[in-house]
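The values are calculated or read from the model by the stated rules, or taken from the named source; none is laboratory data. Given the structure is predicted, the values throughout are model-derived calculations rather than measurements. Methodologically, a virtual Cβ is constructed for each residue, glycine included, from the backbone with ideal geometry; neighbour enumeration extends over all protein chains shown.
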Amino acid sequence: MTPLEVDAGELTAAEIIDALQQGQRVVVTADLFGSEQTLTLRHDGETYYCDTPTRLHKHDDEAGMIGCIEKMGYARDDAESPDHEREH
């Protein structure tokens, strides 16, 4: 399966998790430490991985991965989503 390539903030955390659970790797381009970096998010069916240029993070569950994605700014805030505005 071809990796899903996105810019940080392009997808919500839920959209990223959905792609990971479907077996896709998500390649995110993000501004890390003042320079553009590429990192890979993946899920092997058991563990979630966030492979950055400096470190491999592992998360045992979806909640841990969502927390990492949101903390690091890889996902768009749900409140910024056009669908969110229609719902409220």
Completion exercise
Considering region 30-63, residues that are under 13 Å from the mean Cα position of the chain (by Cα) and of a type in the set (Val, Ile, Thr), and then whichever is surrounded by the fewest Cβ atoms within 10 Å (Cβ to Cβ), we arrive at THR38
Exercise for the section: Among the candidates GLU10, GLU5, GLU46, GLU15, single out the residue that is touching a strand residue (DSSP E or B) at 6+ places or on another chain (Cβ under 6 Å) and not aliphatic (A, V, I, L, M). Expected result: GLU5
Exercise for the section: Please work out if GLY9 is assigned to a loop (DSSP other than H, G, I, E, B) and either at pLDDT 95 or above or aliphatic (A, V, I, L, M) (or both). Expected result: yes
Exercise for the section: Please find, within region 46-66, the residue that is nearest to ILE17 (Cα to Cα) out of those that are at pLDDT below 95 and not in a strand (DSSP E or B). Expected result: THR52
Problem - Residues of region 16-29 that turn out to be surrounded by fewer than 17 Cβ atoms within 10 Å (Cβ to Cβ) and in a helix (DSSP H, G or I), as a count - result: 2
